[in-house]
Amino acid sequence: MLTRELADGTDLLRLQSSDPARYPLLLESVAGGNALSRWDLLLVADGDGLRLDADGQVRRLDGRAADGDFLSALDHDWRALQTPHAGGDLPFRGGWALFLAYELAGQVEPSLRLPHAPGPLPVALALRCPAAVLRDRASGRCVAVAEDGAASLLDAIAPAPAAEPGEGPGFASPALHEDDPQRFLDGVARIHDYLRAGDVFQVNLSRAWRA
C-alpha cells in the first residue's frame with residue numbers, strides 16, 4: 001500500500017466537487033467522533049467498473065458487454081483484483097464503490113416479480129477505486145492511500161484551492177420540489193387499514209424530493 005500525507009483538515013467536499021468523476025463518492029461521518037465514526041473517506045476512481053441498466057444488460061464503463069449477471073461479473077472482477085490485507089489502522093486500502101438499487105434483489109431471489117427500474121439511475125453500479133483520501137476526524141490528519149501499482153492516482157491527488165471567506169463548496173443550492181403533503185397523509189391512512197386487516201406488519205413510506 002502507498003501513502004502520502006496531505007495538509008491537516010483538507011476540505012474533502014471541495015476536493016470532490018472539483019472533479020466528481022475522479023472522486024465519485026464522499027463518505028462523511030456525522031456520528032460524533034467515537035471509534036466507529038472516526039474517519040471520512042473520499043474514494044478515487046480509475047475509470048474501470050460495471051453497471052447494470054434497466055435493459056438488463058451488464059456493461060463495463062467503456063461500453064463493452066460483460067459476461068453473466070451483475071453480481072457474477074462483480075465477483076469475478078473482485079476476485080481477480082483483490083489484494084492481501086496490509087494491516088495497520090487505516091480504514092480503506094483500495095477497493096470498490098457500489099450503488100445497488102432495490103431492483104437488484106431479483107438477481108438474489110429470482111422468484112421475485114419486480115417492476116422494471118424507473119431510471120435514470122442504473123440498477124447497479126460498481127466503480128473500481130484503488131485510492132482514497134482519508135481524514136481522521138479526531139486529529140484532522142489527512143492521508144492519501146493507494147494500492148501498489150496505483151501511484152499515478154496518488155500523484156494526481158492535489159488539494160482544491162482554498163475557499164474564499166463566505167464561499168460555498170463550489171455549487172449553488174438547487175431548487176427542491178416535494179410530493180403533495182396530502183398524498184403522504186393519504187398513504188399513512190391506507191397503511192393503517194392494511195395493518196388492521198393483517199395484510200402487512202411493517203411499511204416504509206417516503207416522500208419524494210426532486211432537485
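The values are calculated or read from the model by the stated rules, or taken from the named source; none is laboratory data. Being a predicted model, the structure only gives us computed values, none of them experimental. FYI the Cβ positions are ideal-geometry reconstructions off the backbone, even for glycines, and counts take in every protein chain you see. Just the protein is used for accessible areas: all its heavy atoms, side chains included, with ligands, DNA and RNA removed. Shrake-Rupley method; radii C 1.70, N 1.55, O 1.52, S 1.80 Å.
Identify all residues within region 133-150 that are under 21 Å from D11 (Cα atoms) and either surrounded by 19 or more Cβ atoms within 10 Å (Cβ to Cβ) or without any contact (Cβ under 8 Å) to a residue 40 or more places away in the chain (or both); write none if there are none.
Answer for region 133-150, where residues must be under 21 Å from D11 (Cα atoms) and either surrounded by 19 or more Cβ atoms within 10 Å (Cβ to Cβ) or without any contact (Cβ under 8 Å) to a residue 40 or more places away in the chain (or both): V133, L134, R135, C142, A144, V145, A146.
For V145, are the conditions met, namely being outside any helix (DSSP H, G or I), in contact with a helix residue (DSSP H, G or I) (Cβ under 6 Å, 6 or more places away or on another chain) and modelled with pLDDT of 90 or more?
No.
Return yes or no: is L125 assigned to a loop (DSSP other than H, G, I, E, B) and either open to solvent by less than 10 Å² (accessible area, probe 1.4 Å) or under 30 Å from G56 (Cβ atoms) (or both)?
Here the answer is no, as L125 does not meet what is asked.
Quick one: would you say R137 is over 21 Å from R51 (Cβ atoms) and of a type outside the set (V, I, T)?
yes
Residue by residue through region 54-113, note down the ones that are of a type in the set (S, T, Y) and closer than 30 Å to S139 by Cα.
Correct list: T83 only.
With the structure loaded, tell me whether P130 is open to solvent by less than 80 Å² (accessible area, probe 1.4 Å), under 16 Å from A146 (Cα atoms) and modelled with pLDDT under 90 or whether it fails that test.
no
For A97, indicate whether it is touching a residue at least 60 places away in the same chain (Cβ under 8 Å), of a type in the set (A, V, I, L, M, F, W, C), in contact with a strand residue (DSSP E or B) (Cβ under 8 Å, 6 or more places away or on another chain) and surrounded by 20 or more Cβ atoms within 10 Å (Cβ to Cβ).
No: the conditions fail for A97.
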